[in-house]
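This report refers to the structure that appears directly beneath it.
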Amino acid sequence: YFAVIEKSTETHIGNVKIGPINWIDRRTAYGRMMSKESWGKGYGSEVLKLIIQYVFDTLNLNRIIDYAVSSNKASIKSNEKAGMDVEGEIEQFVYKDGHYQNVTILGLTRKRYNAKKRDGQI
């Protein structure tokens, strides 16, 4: 778990978690929770870029994955802005707001990370 602190005000604006880590397959998932006041300011994408860099460059993992409710376009856009790729969708995976909703799978492998890094995309 990591705290997300806004530098100029030293205000805690969210948390990010990686794990569980599968050391045999060298993969992990991540999750982030940002305060509503921080939404739309790029903090979520910025912290995810740092997490992605940590996962590949420090922990030496091969894959990171996330799941976002498909109707949460802001989360999906933030993931893509940070370098994650949409890899698929699971139909009726979560029950939210009174009905089943689809979930978008977002992921990034070391191979794609290195290519995006080399091309200046992340």
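The values are calculated or read from the model by the stated rules, or taken from the named source; none is laboratory data. On a predicted model such as this, the values are computed, not experimentally measured, just so you know. Positions of Cβ are generated from backbone atoms using ideal geometry, with glycine treated the same way; all protein chains shown enter the neighbour counts. Surface accessibility is based on the protein's heavy atoms, side chains included, excluding ligands, DNA and RNA. Shrake-Rupley method; radii C 1.70, N 1.55, O 1.52, S 1.80 Å.
Name the residue that is nearest to ASN114 (Cα to Cα), counting only residues in region 79-103 that are open to solvent by 30 Å² or more (accessible area, probe 1.4 Å) and polar (S, T, N, Q). Restricting to residues being open to solvent by 30 Å² or more (accessible area, probe 1.4 Å) and polar (S, T, N, Q), the top hit is ASN102.
Inside region 44-122, counting only strands (runs of 3 or more DSSP E) that do not spill past its ends, which hold 1 or more residues that are acidic (Asp, Glu) and closer than 20 Å to GLY19 by Cα? Result: 63-69, 85-96.
Any chance region 10-32 includes a residue that's at negative phi and part of a helix (DSSP H, G or I)? No - not one qualifying residue is present in region 10-32. Out of all the residues in region 28-40, is one or more under 18 Å from THR109 (Cβ atoms) and in contact (Cβ under 8 Å) with a residue 40 or more places away in the chain? No, the conditions are met nowhere in region 28-40. Selection of first residues in region 50-71 that are in contact (Cβ under 8 Å) with a residue 60 or more places away in the chain and of second residues that are open to solvent by less than 80 Å² (accessible area, probe 1.4 Å), restricted to Cβ pairs under 8 Å at least 6 apart or on distinct chains, gives the following pairs, ordered by first then second residue: ILE52/ILE64; ILE52/ALA82; ILE52/GLY83; ILE52/MET84; ILE52/LEU108; ILE52/TYR113; ILE52/ILE122. Checked against (1) over 16 Å from TYR1 (Cα atoms); (2) at pLDDT below 95; (3) not hydrophobic (A, V, I, L, M, F, W, C), GLY44 meets all criteria but (1).
In region 21-78, of all residues being within 12 Å of the chain's Cα centre (by Cα) and among the polar types (S, T, N, Q), the one that is surrounded by the most Cβ atoms within 10 Å (Cβ to Cβ) corresponds to SER78.
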